[in-house]
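Down below is the structure, laid out as structure tokens.
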């Protein structure tokens, strides 16, 4: 998947399997990413777990879980709010489009979360106060907290290198090819298709082109489009909505890699 | 990893209508012990699973909060909780439950950040 971190770094990553996106004193978010084609290192999110931790007299611990083709509009226990505590309505799930778009307001920590299903895969977007982002117990082992630190270097995918090395066999139709990918795109046709939804050639546009070239699944055009819509709604700095610089290094490893 | 099964069994055991107990009754400790027993059964297959580790920590907290002993009956009790609809009517949640309200009064507005994950 493509990741935009809390510090506005934009990366495309493998991160296959279960990875923590957010892990602080109030909230845990974990995603499970699966290959978009058999044998491909390009992955997309097929499962998402969000744990709202017990918070004083506001909310009890609540778990939200979404999977492919299952985007519930309630927490795992069937409720839509923070439970029985006095401030229970400071946590609320709202269904925007049934089965496609839900929004979770966690007012007690000033946080808004959007989860969507686009095509077969899930997308995630969050707006959170910096103070909450950094409220972590022990800073040292937050290395895998992708929203904060980005992807480890060896999990990052370089666009150009990817298409040069990923064998065509993984892209040809096969039992695992997504049903909705009737065609293989050339760079020109993918660019034209993405331009319909994303007129500005920023990194969201490039992500769209990459996804079409990788999977041929036109739903990924919508995934990039909605991801940018979520940025417009959630990002507090309107001057930073479009990103053009791809980031490859982690601050620490950048130094190490010299 | 069957941690979600354990989670839903605990939620089911502590919600419903045919046992009018509260979190301070022995039945709550029984439910917690059953929950702990269930997580231990699935520990091996759940190694590294975030929901599993969070459940284990949650159980420890609740057991110490409610002075539950580790040994004792583990049969499933049934406790009653308010239906979600009712609790939504309470709009007078304490100020601490409203981040922005409690924030603005005595300092600059919070600085918000965004994180997103999408596509492949």
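The values are calculated or read from the model by the stated rules, or taken from the named source; none is laboratory data. A quick note: this is a predicted structure, and the numbers were derived from the prediction, not measured. Glycine gets a Cβ as well: all are built from the backbone with ideal geometry, and neighbour counts include every protein chain shown.
Condition test on residue B:51, is it at negative phi, modelled with pLDDT of 80 or more, buried (at least 18 other Cβ atoms within 10 Å of the Cβ) and touching a strand residue (DSSP E or B) at 6+ places or on another chain (Cβ under 7 Å)? Criteria met by residue B:51.
If you go through the stretch A:19-32 and pick out every residue that is closer than 18 Å to residue A:114 by Cβ and surrounded by 23 or more Cβ atoms within 10 Å (Cβ to Cβ), you end up with 4. Determine whether residue A:108 is touching a strand residue (DSSP E or B) at 6+ places or on another chain (Cβ under 7 Å), farther than 16 Å from residue A:49 by Cβ and in contact (Cβ under 8 Å) with a residue 12 or more places away in the chain. Here the answer is yes, as residue A:108 does meet what is asked. What number of residues within the stretch A:117-133 are part of a strand (DSSP E or B) and within 8 Å of chain B (Cβ to nearest Cβ)? Total satisfying the criteria: 9. In the stretch A:198-242, how many residues are farther than 25 Å from residue A:40 by Cβ, more than 7 Å from every other protein chain (Cβ to nearest Cβ) and touching a residue at least 60 places away in the same chain (Cβ under 8 Å)? So the answer is 2.
Across the stretch A:60-72, the qualifying residues are those that are in contact (Cβ under 8 Å) with a residue 12 or more places away in the chain and within 8 Å of chain B (Cβ to nearest Cβ), and the one among them that is nearest to residue A:88 (Cα to Cα) is A:63. Taken together, the residues in the stretch A:134-155 that are more than 14 Å from every other protein chain (Cβ to nearest Cβ), at pLDDT 90 or above and not in a loop (DSSP other than H, G, I, E, B) amount to 2. When B:99, B:112 are checked against the criterion of being facing another protein chain (nearest Cβ under 7 Å), more than 30 Å from residue A:219 (Cα to Cα) and either surrounded by 19 or more Cβ atoms within 10 Å (Cβ to Cβ) or modelled with pLDDT of 80 or more (or both), a single residue qualifies: B:99. Considering only residues of the stretch A:98-119 that are in contact with a helix residue (DSSP H, G or I) (Cβ under 9 Å, 6 or more places away or on another chain) and farther than 26 Å from residue B:109 by Cβ, which is surrounded by the fewest Cβ atoms within 10 Å (Cβ to Cβ)? That would be A:101. One residue is enough: does the stretch B:73-84 have a residue meeting the conditions modelled with pLDDT of 75 or more and more than 11 Å from chain A (Cβ to nearest Cβ)? There is no residue in the stretch B:73-84 that is modelled with pLDDT of 75 or more and more than 11 Å from chain A (Cβ to nearest Cβ).
Scoring residue A:75 on the criteria (1) facing chain B (nearest Cβ under 10 Å); (2) crowded, with 20+ Cβ neighbours inside 10 Å; (3) in contact (Cβ under 8 Å) with a residue 24 or more places away in the chain; (4) outside any helix (DSSP H, G or I) leaves a single failure, condition (3).
Within the stretch B:12-47, the only residue that satisfies the criterion of being under 17 Å from residue A:62 (Cα atoms), at pLDDT 70 or above and surrounded by fewer than 19 Cβ atoms within 10 Å (Cβ to Cβ) is B:12.
Residue-wise test of (1) at pLDDT 95 or above; (2) surrounded by 15 or more Cβ atoms within 10 Å (Cβ to Cβ); (3) farther than 13 Å from residue A:8 by Cα.
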| residue | (1), (2), (3) |
| --- | --- |
| A:198 | yes, yes, yes |
| A:210 | no, yes, yes |
| A:217 | no, yes, yes |
| A:220 | no, yes, yes |
| A:236 | no, no, no |
| A:255 | no, no, yes |
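What about residue A:94, is it under 17 Å from residue A:126 (Cβ atoms) and surrounded by fewer than 23 Cβ atoms within 10 Å (Cβ to Cβ)?
yes
Looking at the stretch A:1-42, the strands (runs of 3 or more DSSP E) lying wholly inside it that each contain 2 or more residues that are over 26 Å from residue A:244 (Cα atoms) sit at A:17-23, A:27-35.
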